[in-house]
Amino acid sequence: MSAVLRLYRRIRRNRAVNVSGGILAAIAVLAVLLPLVSQNNYLETDFGRILEAPGLADMHWFGTDDLGRDLFVRTMMGIRVTLLVAIVASIVSLVIGVLYGAFAGYVGGRVDAVMMRFVDALYAMPFIFFVILLMVVFERNFLLIFVAIGAINWLDMARIVRGQTLSLREREFVEAARLNGVSTARIILRHIAPNLMGVVIVYVTLTIPQAILVESFLSFLGLGIQEPQTSLGALVNAGVNQMESAPWMLLIPGGLLALILMCFNFLGDGLRDLFDARQNR
Amino acid sequence: MSLLNICQLGIRYGDVVAVDDLSFAIDSGESVGLVGESGSGKTQTALAILGLLPATAEISGSIKFAGEEFVGADDRAFDKLRATRVSIVFQDPTQALNPYLRIGEQLRRILIAHNIAAGAEADARVIETLESVGLPDPKRQSGAYPHQLSGGMRQRAMIASALITSPDLLIADEPTTALDVTVQAQILELLDTIRKDTALLLITHDLGVVAGHCDRMLVLENGGLVESGATRQVFGTPKCAHTVSLLEAAPRLKQSIAPQPVSGKALLRVDGASVSYREPGYGRLHAVKSVDLALRKGETVAIVGESGSGKSSLVRALLGLVAAESGAVSFLGETLPRDARSRRQQIRRELQLIFQDPAGSLNPQMRVSDIVVEPLSVHEPSLDRRACRERVIRILEQVDLGAEFLQRYPHELSGGQAQRVAIARALIVEPKVLICDEAVAALDGTVREQILKLLQDIQGRTGLSILFISHDLGVVSSISHRVLVMYLGRLVECADGQTVFGSPKHPYTRALIDAVPVPDPEAGIAHTSLSGEVPSILSPPTGCAFHPRCAYAESRCTTELPAPTAIGATTVCCHRATEIDLQA
Amino acid sequence: MAQYVLKRLLGAIPTLLFVVVLSFLLVHAAPGGPFDEERVLPDAVAANIEAYYHLDESLPKQFVRYLSGVLQGDFGPSYRYRDHTVSELIADAFPLSIRLGVMAIIVGVVIGVGLGTLAALKQNTVTDRVAMGFAMSGISIPIFVIAPLLVLFLAVKLNWLPAGWSGSSGVSRMLLPVIALALPQIAYISRLTRASMIDVLGSGFIRTARAQGLGTYAVVRYHAMKPAMLPVLSYMGPAIASVLTGSVVVEQIFGIPGLGQFFVTGALNRDYTLVLGIVIFYAALIVLLNLIVDILYGVIDPRVRYR
């Protein structure tokens, strides 16, 4: 347990990780709580007050859109959807990637070669276009977005986990355990997994912004989340159409989307520095 | 006036002091040895002279070269001095040469940068320099990439790059440490002959190297100078206790220090083992070819050889980590399955292994107590926690580590302590055989002696049998009852330690003995008769694989494989073993 | 070498076949036919249309027909642009897209490598922080946010550059789309270059070159540049995929009649044959470019052995 504690202490000392992690946590909490407080909801239209600029009146803090809907609550709903898609998609890619990569790396030999050839082949494909194809064919299914994005992102994870496992497997402490007849399950549990944890945490953090990007990209094109549901990408798209008359419709969701992505990127970079320093020591 | 004058040099990284109050001078043309163990500050000093320390280093004191002060100088000032006045040869040529650039191009860039020569004139100078360091066919080799050259040739190219500008001072930082032992002597000889008027600062951990090649020597400990003087004087009457312990730890080869042979029935036997791997693009690589081996109770057997000798493959086959192609391994008369996974748990317990890299052999995420107890929990699962803990404490005491180490993580241990933990992990299940794969190669001299002493003590107490793999005859000479010498996958000589060191029968064994630098300035340098390097195992020479490097080879050596022959206590594979006299 | 290229070319065939099979099956697994949304047609007309598009045949038969067409560069007729074949639409629209894409990649590599190298040499200084702050923004602000912002400020507010495609001509209308496409590439490549350059500058052979008094310029130019560029070269495959993806958005925002525009319209109109054709075309392009990158890698790194 104390290995985790040591890691936690080191993380506490890293400013990039703390600040970006703090901002993300705050955004997530606000996105969940504030819509409950607001007197508005994200569906209600009010054609009497369309394209209203941000202000304090009637709690239209971010103004209203071209249908007179409250943009503040819609933006918070968008953040919820964006974060949810990203996290679920990352878990999907984490599970597939780690299992696939660890298996290929630990078994090694011909099995590994075949499994990695498959990954290489998939790498060469324009996945985003496949996802669009998928969205076209299956009528913009919400669940499908998770699966599709997870299916793209597992490749990186599989490659990295496989590489690490392969080198860990050859490490002398694993060899020592194997020579003593320590069971495979125990070797994986006690010797491989704890040493993999670092890179897995780092790469999960770095796949989340990728997943967010794909989701918002699809929603922007109108191929992702469907009205009246919304996500940050869909809000940006609506904003682009009104950007000359109501620039806040573009700037607010676009800015929040960029902020969230930036925090995840900083978080990933910071964690990677932490783990790299550990490995170099 | 001295060429280089260092005065009260201090180098620190925050709170860590790397070099402290170091003063010395080097005159034109002289050769000075800078000796110390790892962390003594010798490389830091070399880098400071050339202004190559990282920006985080804080430097104080003075470094004057030809009267000019260099502490505090900027890169531009250093660039005028580098190569033209002071050159450096680094330890590992694989790292120090650019793998993406042809050798000739790397040398040519130096001439162009310092406006010494350009165009065809530069090309001619490059080829001339490469020839002077003994690179065969320099015209062709200048077009080669570093990975296409052998280790020794790479280091020759590195030396050529350092000397192409005829500098006043050459710094050689452990120039032979990364090379095969029989090549080390060649490189040192080359440095001696080629440097002419260039002064030499030879940085090394090996007192034997200093004894043969330096006029004066400086001994560093923890960043400070503890002793300096003429080499003969320091070796003859060392004043400082640290110098004395360094001298004691220097490997020596004497017939008298090898322990008496042991008799009795063999505990572990290997008969006619062969190992081969599939090398893509080449077919099969034959790493070990029909090797026999026997290990008795309480005996230490050393397997000695350079890179490509097959010593590690032999051990891996013995342990079942690779399946031997043919041959049999037996333990107490029981023939063992070739694959470790099919072996009985009891057999696994009896054969324990320790590795070269002490840090790599311990899981960085586990505490010492968990690392040491793991084999016990496999082989004696019935033990309760308290009994396990007692056993761990007891075994740690045996390797001279206290109970305060139980809660530590590997990164909190020094190299020597980590290796003691690895030994504790191997010995906690009370095996009959301990296999040490280059187990002291990564350790400093004094620590190495301590570990060897510890192994010998444990053997004396428990009758442990030890199989000791090493590339260095000097290291194993004090502990080996018997010595096996391997070359390109075959056993070339096998005898008890006293016989091997006293009267070697194979020319290769003789060369290995000569390659151990003698820590005695009076002894002079044993000029090795051995030329060239170990050929690639992928295409071994025909007949006796050693014949291209052998001074005694005759025509049948090139075609006929010599059979093992017994001469007295020695088994040797050489056509001419009875005719030639290899006494020193 | 020739053998290696041939081997890699042959190795790309299964990948491409997989692409074709997967996308073909996906489209044909779609619930409902392509013409379901249209007004109800008389049975005879519907049968005629189905026969025209060979929808009355069995799936394997349709696939064989489609595959042999694709091999001859024929992706069949478009479902929506009734007068055009998919191949014609691709031939019309692709040159424009590739022109934008190539320009964006060139800008991305030149500026990205320059910026990254500068940051690596000035590691931990203000220059480094500013460059990497810019790069962090570049990878974090999605292209569909950057592109409209560029239009809003540079075209609408300041009126420096034309906002749309039609109504203007020449270089000026290319400028904004190329900037929008290049910005994420500059950001990514500069981060990549900085990391690999720092890595290379810390290696033993750079220390040797510095000890030889070569000076910063020669050290970087002759010793560090080549190895530091290898990760950038490897990124060229994904970069092309990323620019093609970006072009889908950029073409829509700027109203450029490129392949990306057709792709989105096709997707929203459920023009299956068009979308299918473009996916296969893009996949082939990316597989081919990845192959070229792989071969170049071997040319630059002398330690790669062709086997």
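Observations on the structure shown:
- Here is the figure for the stretch B:349-363: residues that are in contact (Cβ under 8 Å) with a residue 24 or more places away in the chain and either within 19 Å of B:LYS311 (Cβ to Cβ) or within 7 Å of chain A (Cβ to nearest Cβ) (or both) total 10.
- Within the stretch A:88-117, residues that are at positive phi reach partners that are of a type in the set (A, V, I, L, M) and assigned to a helix (DSSP H, G or I) with beta carbons closer than 9 Å, at six or more positions or on different chains, in the pairs A:GLY108/A:LEU166.
- A count restricted to the stretch B:130-144 and to residues that are at positive phi and in contact (Cβ under 8 Å) with a residue 12 or more places away in the chain stands at 1.
- Counting only helices (runs of 4 or more DSSP H) that sit completely within the stretch C:43-123, those holding 1 or more residues that are under 30 Å from C:SER247 (Cβ atoms) and at pLDDT 90 or above correspond to C:86-121.
- Of everything in the stretch A:20-57 that is surrounded by fewer than 18 Cβ atoms within 10 Å (Cβ to Cβ) and touching a strand residue (DSSP E or B) at 6+ places or on another chain (Cβ under 8 Å), the residue that is nearest to A:GLU244 (Cα to Cα) is A:LEU51.
- Flag for B:GLN155 being touching a residue at least 60 places away in the same chain (Cβ under 8 Å), within 12 Å of chain C (Cβ to nearest Cβ) and either among the small types (Gly, Ala, Ser) or under 22 Å from B:LYS196 (Cα atoms) (or both): no
Let's see how each residue does on (1) at pLDDT below 90; (2) surrounded by 22 or more Cβ atoms within 10 Å (Cβ to Cβ); (3) in contact with a Ser or Thr (Cβ under 9 Å, 6 or more places away or on another chain):
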{"site": "B:THR129", "(1), (2), (3)": "no, yes, yes"}
{"site": "B:LYS139", "(1), (2), (3)": "no, no, no"}
{"site": "B:MET153", "(1), (2), (3)": "no, yes, no"}
{"site": "B:ARG156", "(1), (2), (3)": "no, yes, no"}
{"site": "B:SER166", "(1), (2), (3)": "no, no, yes"}
{"site": "B:ASP180", "(1), (2), (3)": "yes, no, yes"}
{"site": "B:GLN184", "(1), (2), (3)": "yes, yes, yes"}
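- Entirely in the stretch A:95-209, the helices (runs of 4 or more DSSP H) that have 3 or more residues that are at pLDDT 90 or above and within 14 Å of chain B (Cβ to nearest Cβ): A:172-179
- Cβ-Cβ distances below 9 Å connect the following pairs, each with a first residue in the stretch B:72-89 that is within 7 Å of chain C (Cβ to nearest Cβ) and over 15 Å from B:ASN115 (Cβ atoms), a second residue that is surrounded by 14 or more Cβ atoms within 10 Å (Cβ to Cβ) and among the acidic types (Asp, Glu), and a separation of six or more residues or different chains: B:ILE88/B:ASP173.
- Any hit, the stretch A:169-176, residues being within 30 Å of B:GLU374 (Cα to Cα), out of contact with any Ser or Thr (no Cβ under 9 Å at 6 or more places or on another chain) and among the acidic types (Asp, Glu): yes
- Filter pass, B:SER40 being more than 14 Å from chain C (Cβ to nearest Cβ), surrounded by fewer than 22 Cβ atoms within 10 Å (Cβ to Cβ), among the polar types (S, T, N, Q) and touching a residue at least 12 places away in the same chain (Cβ under 8 Å): no
- Pairs, first surrounded by 24 or more Cβ atoms within 10 Å (Cβ to Cβ) in the stretch A:148-159, second assigned to a helix (DSSP H, G or I) and of a type in the set (Phe, Trp, Tyr), C-beta under 6 Å, six or more apart: A:MET157/A:TYR203; A:ALA158/A:TYR100
- Flag for B:LEU202 being over 30 Å from B:GLU299 (Cα atoms), assigned to a strand (DSSP E or B) and aliphatic (A, V, I, L, M): yes
- Qualifying residue in the stretch A:122-143 (condition: within 24 Å of the chain's Cα centre (by Cα), closer than 17 Å to A:ILE160 by Cβ and touching a residue at least 12 places away in the same chain (Cβ under 8 Å)): yes
- Just one of (1) within 23 Å of C:LEU71 (Cα to Cα); (2) at the interface with another protein chain (Cβ under 9 Å from one of its Cβ atoms); (3) under 18 Å from the mean Cα position of the chain (by Cα) fails for C:PHE262. It is (2).
- Verdict on B:THR94 being surrounded by fewer than 21 Cβ atoms within 10 Å (Cβ to Cβ), within 11 Å of chain C (Cβ to nearest Cβ) and part of a loop (DSSP other than H, G, I, E, B): no
- Tally of residues being assigned to a helix (DSSP H, G or I) and modelled with pLDDT under 70 across the stretch C:25-42: 0
- Answer residue from the stretch A:210-254, given it is within 11 Å of chain C (Cβ to nearest Cβ) and aromatic (Phe, Trp, Tyr) and is surrounded by the most Cβ atoms within 10 Å (Cβ to Cβ) among those: A:PHE220
- When the residues of the stretch C:132-166 are filtered to those that are closer than 19 Å to C:GLN261 by Cβ and assigned to a loop (DSSP other than H, G, I, E, B), the one that is farthest from the other protein chains (Cβ to nearest Cβ) is C:SER166.
- Taking the stretch B:52-71 as the range and being under 21 Å from B:PHE24 (Cβ atoms) and either of a type in the set (Ser, Thr, Tyr) or at the interface with chain C (Cβ under 7 Å from one of its Cβ atoms) (or both) as the test, the residues that pass are B:LEU52, B:SER60, B:SER62.
- Evaluated against (1) surrounded by fewer than 21 Cβ atoms within 10 Å (Cβ to Cβ); (2) over 22 Å from A:LEU179 (Cβ atoms); (3) more than 20 Å from the chain's Cα centre (by Cα), B:LEU247 falls short on exactly one condition, (3).
- Any hit, the stretch C:227-250, residues being touching a helix residue (DSSP H, G or I) at 6+ places or on another chain (Cβ under 7 Å), free of Cβ contacts under 8 Å to residues at least 60 places away in the same chain and not in a helix (DSSP H, G or I): no
- Within the set B:ILE423, B:ILE466, the sole residue that is buried (at least 22 other Cβ atoms within 10 Å of the Cβ), in contact (Cβ under 8 Å) with a residue 24 or more places away in the chain, assigned to a strand (DSSP E or B) and in contact with a strand residue (DSSP E or B) (Cβ under 8 Å, 6 or more places away or on another chain) turns out to be B:ILE466.
- Checklist (1) over 25 Å from B:VAL262 (Cβ atoms); (2) part of a strand (DSSP E or B) applied to B:VAL492, failing item: (1)
- Taking every residue in the stretch C:92-119 that is closer than 13 Å to C:GLY260 by Cα and pairing it with any residue that is of a type in the set (A, V, I, L, M) and outside any helix (DSSP H, G or I), at least 6 positions away or on another chain, the pairs with Cβ-Cβ distances below 9 Å are C:LEU96/C:ILE256; C:SER97/C:ILE256; C:LEU100/C:ILE256.
- Residue match in the stretch B:398-413 (condition: within 24 Å of the chain's Cα centre (by Cα), within 11 Å of another protein chain (Cβ to nearest Cβ) and in contact (Cβ under 8 Å) with a residue 24 or more places away in the chain): yes
- Residue count for the stretch A:32-70, restricted to those that are assigned to a helix (DSSP H, G or I) and under 18 Å from A:TRP248 (Cβ atoms): 4.
The values are calculated or read from the model by the stated rules, or taken from the named source; none is laboratory data. Here the structure is a predicted model, which is why all the values come from computation and not from measurement. We place every Cβ from the backbone using ideal geometry, glycine too, and count neighbours over all the protein chains shown.
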